[in-house]
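The values are calculated or read from the model by the stated rules, or taken from the named source; none is laboratory data. Values in this document were obtained by computation on a predicted structure and should not be read as measured data. Here the Cβ positions follow ideal geometry from the backbone for every residue, glycine too, while neighbour counts run over all protein chains shown. These accessible areas exclude ligands, DNA and RNA; they are computed on the full protein's heavy atoms, side chains included. Shrake-Rupley method; radii C 1.70, N 1.55, O 1.52, S 1.80 Å.
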There are 2 protein chains.
Amino acid sequence: MMILTAPERAALDQLGERERSVRKGMTLVRENERSTELYALKSGMLIAFVLLDDGSRQILRFIFPGDLTGMAVIAFGKAPHALLALADSVVVPIDRTQVADIVFRFPRVALALAALEQVERATLTDRLAGLGRMSARARVAAVLLDLRDRIRRQDENTGDTFALGLTQEEIGDATGLTAVHVNRMLRQLEEQGLIARSGGRVTLLDEARLMRSANHVDRLAAVDLSWLPGPSEA
Amino acid sequence: MMILTAPERAALDQLGERERSVRKGMTLVRENERSTELYALKSGMLIAFVLLDDGSRQILRFIFPGDLTGMAVIAFGKAPHALLALADSVVVPIDRTQVADIVFRFPRVALALAALEQVERATLTDRLAGLGRMSARARVAAVLLDLRDRIRRQDENTGDTFALGLTQEEIGDATGLTAVHVNRMLRQLEEQGLIARSGGRVTLLDEARLMRSANHVDRLAAVDLSWLPGPSEA
DNA sequence: CGAGTACTTGAAAGATCTCAAATTAGGTGG
DNA sequence: CCACCTAATTTGAGATCTTTCAAGTACTCG
């Protein structure tokens with residue numbers, strides 16, 4: 001996605017000295033917990049979520065290998081949301097002072113990181129609009145498309161069939177629905193010939209129609225960093 | 001909020017050479033419009049929103065004087081959402097190349113800007129959780145509290161009574177509700193003694209209870225940048 | 001094989017929306 | 001300052017969407 005110089009790459013690689021394994025179902029960070037680390041996910045899958053007073057959970061984001069999460073510690077020194085491993089995972093903790101160090105030494109990398117943050121922010125606002133203004137059916141379709149995009153980004157060979165890696169309860173916590181209603185919406189999408197399901201795997205049968213009903217945009221695919229000042233100017 | 005050195009301040013001040021006035025009701029930027037500028041709001045009020053296929057609108061954010069908006073152009077070179085003036089406003093356009101310049105020359109300022117972005121991101125996720133998991137009543141209460149916080153930040157003298165500056169339609173577009181239902185929720189909050197209304201002004205009568213029912217957090221108030229490397233190290 | 005978790009389905013309750021109409025508020029030209 | 005015009009608010013009634021509760025079925029892991 002971006003072309004970095006050798007020293008820039010080296011600096012990024014250096015960040016990942018330590019690794020930390022997290023078992024499926026384990027909490028990596030609790031909400032409001034004091035922390036100055038962010039995390040790069042090497043393998044597995046995480047969710048970022050918040051718990052509301054009434055005990056309900058809102059999943060804010062699915063985190064896939066290659067994703068960074070927890071940049072908020074830059075501003076707060078504590079985690080505004082919890083991190084939970086949905087699969088056995090390996091993360092690389094990075095302290096915020098290391099981030100500051102990168103910004104000082106490699107401003108182009110800083111801008112690239114800022115761009116990544118903006119991609120996530122755009123994704124977040126897409127989801128906001130979905131929760132505010134789309135039907136349950138559309139929101140469920142949106143999750144399916146989002147997961148497919150991101151699984152495919154890890155594994156080029158992913159076709160239209162893939163394993164969700166999520167329970168319907170979790171889809172509900174991401175879409176603001178109950179597990180029961182998620183189930184009904186999945187069935188409806190199936191009955192309408194948009195998807196097929198079997199053995200915990202989903203097949204997107206009519207991607208065009210799915211994308212239309214979910215207002216789907218692949219934000220990461222739209223990134224343009226070609227305007228960044230060249231390495232020579234650094 | 002942050003302590004910058006004189007040259008850092010000067011660089012920031014320099015960004016605002018030009019100004020642009022926007023009349024109430026005018027669109028400053030359209031969704032998907034090619035643009036390489038972000039904006040600092042000097043006076044007035046803006047909303048950032050997206051339109052969905054069915055014509056419904058989701059307001060993503062209220063923008064008050066002092067706010068920056070449109071950092072997404074760093075990644076996309078186009079606006080992922082529209083900007084509309086809710087009041088006569090004055091903005092200062094800043095090109096993304098100027099931002100890059102700041103990052104290169106003043107890394108501490110870059111980190112401070114990144115922190116501000118994180119505050120907004122946290123606010124965005126708060127709203128996401130609200131839309132996904134909170135009742136209509138709670139979401140309306142949350143908007144009232146949010147507006148109060150931000151109006152107060154502009155004008156220290158703001159007490160518990162303030163002018164919304166929004167129609168119920170707009171509150172609805174922010175909370176994912178219809179104007180009709182917003183009206184009913186306002187009335188309910190009023191009947192329950194949480195707020196009072198008259199002449200387009202709202203009074204928060206029982207702030208504690210409002211904050212509890214809205215899961216309210218003032219993210220900006222929680223920022224801690226004391227860990228940033230001192231100016232001397234720059 | 002058994003226990004627990006996830007999935008599925010139905011029926012009824014609850015929340016929110018839609019539609020329609022009446023009332024109020026604000027802004028403008030005379 | 002008034003009269004008018006339009007936008008905003010308010011209210012009711014019924015429709016629609018989503019949740020809740022309850023129960024049964026299917027999987028998965030040890």
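First measure r as the distance between the Cβ atoms of B:Phe104 and A:Asp160, then evaluate 1/(1 + (r/R0)^6) with R0 = 25 Å and state the FRET efficiency to the nearest 0.05.
Once the sixth-power term is evaluated, E becomes 0.05.
As a test question: what accessible area, to the nearest 10 Å², does B:Ser21 have when a 1.4 Å probe is rolled over all protein chains in place?
Estimated to the nearest 10 Å², B:Ser21 gives 100 Å².
To confirm my reading of the symmetry, which residue of chain A has the Cβ nearest the axis that brings A onto B, and what whole-Å distance does it have?
A:Leu131, 2
Looking at the stretch A:193-234, which residues lose a minimum of 40 Å² of accessible area between their chain alone and all protein chains in place, measuring with a 1.4 Å probe and not counting ligands or nucleic acids?
A:Asn215, A:Arg219, A:Asp224, A:Trp227
Roughly how far apart, in whole Å, are the Cα centres of the stretch B:121-186 and the stretch A:151-212?
If we compute the Cα centre of each part, the gap is 33 Å.
B:Val90 to B:Lys24: extension gain in nm, 0.36 nm per residue of separation minus the Cα-Cα distance?
22.7 nm
According to the square roots a ≥ b ≥ c of the eigenvalues of the Cα gyration tensor, what is the shape class of the stretch A:128-214, taking rounded for a/c under 1.5, prolate for a/b larger than b/c otherwise, and oblate for the remainder?
rounded
To the nearest 10 degrees, how steeply does helix A:136-154 sit against the main Cα axis of chain A, on a 0 to 90 scale?
For helix A:136-154, the angle is close to 40 degrees.
Assume the label is 7 Å from Cα along Cα to beta carbon: what separations in nm does B:Gly66 have to the matching positions in the other copies?
Spacings between copies for this position, smallest first, are 4.0 nm.
Per residue, how large is the accessible surface of chain A? Use a 1.4 angstrom probe and give square angstrom.
In whole numbers, chain A has 43 Å² accessible per residue.
At B:Asp95, label 7 Å along Cα→Cβ: distances to the other copies, nm, ascending?
4.0
Before rounding to the nearest 500, sum -39500 (n - 2.57) across all DSSP H runs of length at least 4 in chain B and divide by the residue total; then give [θ] at 222 nm in deg cm²/dmol.
Taken over chain B, the calculation gives -13000 deg cm²/dmol.
What is the calculated FRET efficiency for A:Thr5 to B:Trp227, with r their C-beta to C-beta distance and R₀ = 30 Å, to the nearest 0.05?
Step by step, r from the Cβ atoms, then E = 0.60.
Excluding ligands and nucleic acids, what accessible area in Å² is computed for A:Asp13 using a 1.4 Å probe, to the nearest 10?
120
Once ligands and nucleic acids are excluded and a 1.4 Å probe is used, how much of A:Lys78 is accessible, expressed in Å² to the nearest 10?
Counting only protein heavy atoms, A:Lys78 exposes about 80 Å² to solvent.
Total Å² of accessible surface buried at the A-B contact, 1.4 Å probe, nearest 100?
Roughly 5000 Å².
Cα axis of helix A:107-133 to longest principal axis of chain A: angle in degrees, 0 to 90, nearest 10?
Around 20 degrees separate the two axes.
Please give, to one decimal in nm, the separation of the simple spin-label points placed at B:Arg209 and A:Asn183, each 7 Å out from Cα toward the Cβ.
In this crude spin-label approximation the distance works out to 3.8 nm.
Which whole-number percent is the relative contact order of chain A (Cα, under 8 Å, 6+ apart)?
Across chain A, relative contact order equals 20 percent.
Taking H as built 1.01 Å from N, whose amide H comes closer than 5 Å to the amide H of A:Leu164, not counting residues under 5 places away?
A:Val202
From the label point of B:Thr158, set 7 Å from Cα along Cα→Cβ, how far away are the matching label points in the other copies, in nm, ordered shortest to longest?
4.3
What distance in nm separates the two pseudo spin-label positions at A:Arg201 and B:Ser198, each 7 Å out from Cα along the beta-carbon direction?
If labels sit at A:Arg201 and B:Ser198, their model points lie 6.8 nm apart.
Working from Cα positions, state the angle (0 to 90°, nearest 10) between the long axis of helix A:6-15 and the longest principal axis of chain A.
Helix A:6-15 sits roughly 70 degrees off the main axis of chain A.
How much of the accessible area of the stretch A:7-105, in percent, comes from carbon and sulfur atoms when a 1.4 Å probe is used?
Roughly 49 percent, rounded to a whole number.
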